[in-house]
Each structure stands twice: as C-alpha cells, then as structure tokens.
Amino acid sequence: MALIDTPEAANRLARAIASDIELYNKEEIVEGITKDDLFDRLDGVISKGLSLYKKRVTPELFDSSNYYYRAIVDILVYKNREVNSPIW
C-alpha cells in the first residue's frame with residue numbers, strides 16, 4: 001500500500017481515525033471532559049491511532065504537520081463542547 005503523501009488525504013485519514021475513536025469511546029469522552037482527564041483517560045487509544053496514522057503517511061508529511069492532533073481536538077473536544085465541564 002502506498003503511503004499518503006498529500007495534505008488533503010492525510011487530513012482525511014486523521015479525521016477518520018479521530019471519528020472512530022469518538023464512535024467507540026463516546027461515554028469515556030463525555031466522562032473525560034466532565035472530569036478534565038480526557039487525554040489521560042484515552043491515552044492508549046489516542047496513541048494507537050497516532051501509530052496507525054504515522055504508518056500510513058510519508059515521514060515528511062508526518063513530521064511537517066499536526067493533522068492528527070488537530071483532528072483529535074476538533075472531534076473529541078470541540079464536537080463535544082456541550083458537555084458540562086469546569087474546563088469551559
């Protein structure tokens with residue numbers, strides 16, 4: 001399988017991985033936002049997603065972008081901004 005070498009495709013992959021994390025961990029995300037420990041709570045699954053992302057994109061693209069982390073924040077945090085939390 002060829003590595004992803006365009007920013008658009010890398011961004012799509014990052015968002016797809018983040019969306020899968022959200023889909024399968026919705027309750028953990030809500031609780032993590034509520035208790036302000038989201039990234040500690042989901043450290044393992046976020047790290048696995050990052051590993052998958054890194055394997056699928058070129059090293060140059062991985063090193064020069066933050067698509068994965070931006071997708072994590074957009075989809076896990078911003079998309080769940082309605083959750084009641086002291087962090088807001």
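Rolling a 1.4 Å sphere over the protein heavy atoms, what is the accessible area per residue of the chain, to the nearest Å²? Each step should come with its number before you reach the end.
Values: 5730 Å² over 88 residues.
Accessible area per residue, the chain: 65 Å².
Just how much of Leu23 is accessible, in Å², when a 1.4 Å probe is used and the result is rounded to the nearest 10?
It works out to around 120 Å².
Can you count the Lys pairs in the chain whose Cα atoms are under 18 Å apart, with each pair 8 or more apart or on different chains? Don't skip to the answer; put the middle values down first.
Details: Lys26/Lys35; Lys26/Lys48; Lys26/Lys79; Lys35/Lys79.
Counting lysine pairs in the chain gives 4.
Quick check for you: which residues of segment 51-76 have the amide N under 12 Å from the point 7 Å beyond the Cα of Ala16 toward its beta carbon?
Only 53, 56-57 pass the distance filter.
Per-residue HN-Hα couplings for segment 76-86, Karplus 6.51 cos²θ - 1.76 cosθ + 1.60 at θ = phi - 60°, whole Hz, x for Gly and Pro?
7, 9, 4, 5, 10, 5, 7, 5, 5, 7, x
Send over the semi-axes of segment 1-42's equivalent ellipsoid, whole angstrom and largest first, taken as the square roots of 5 times the C-alpha gyration tensor eigenvalues.
Numbers: eigenvalues 156, 18, 12 Å².
For segment 1-42, the ellipsoid semi-axes come out as 28, 10, 8 Å.
PRE reach from Asn84 (point 7 Å along Cα→Cβ): which of segment 4-45 fall under 14 Å by backbone N?
31, 34-35
Give me the angle, in degrees from 0 to 90, between the Cα long axis of helix 7-24 and the longest principal axis of the Cα atoms of the chain, rounded to the nearest 10.
Roughly 40 degrees between the two axes.
Leaving out ligands, DNA and RNA but keeping every protein chain, what accessible area does Glu31 have, in Å² rounded to the nearest 10, with a 1.4 Å probe?
70 Å²
Calculate what fraction, in whole %, of the accessible area of the chain sits on carbon and sulfur atoms when a 1.4 Å probe is rolled over the protein chains.
53 percent
Above 17 angstrom, tally the Cα pairs of segment 31-88 and express them as a % of all pairs, no decimals.
So the portion of pairs separated by more than 17 Å is 44 percent.
Suppose only helical runs count, i.e. DSSP H with n ≥ 4. What mean residue ellipticity at 222 nm does that imply for the chain under -39500 (n - 2.57) per run, divided by all residues and rounded to the nearest 500 deg cm²/dmol?
It lands at -18500 deg cm²/dmol.
I'd like the accessible area for Lys35: 1.4 Å probe, protein heavy atoms, all chains in place, Å² to the nearest 10.
130 Å²
Working with all protein chains in place, sort Tyr24, Tyr53 by solvent-accessible area computed with a 1.4 Å probe, largest first. If you can, show how the numbers build up before the last one.
Working: Tyr24 170, Tyr53 5 Å².
Largest accessible area first, the list is Tyr24, Tyr53.
The values are calculated or read from the model by the stated rules, or taken from the named source; none is laboratory data. Nothing here was measured: the structure is a model prediction, and the numbers come from that model. Every residue, glycine as well, gets a Cβ built from its backbone with ideal geometry; the counts of neighbours run over all protein chains shown. Accessible surface is based on the protein model in full, side chains and every heavy atom, while ligands, DNA and RNA are left aside. Shrake-Rupley method; radii C 1.70, N 1.55, O 1.52, S 1.80 Å.
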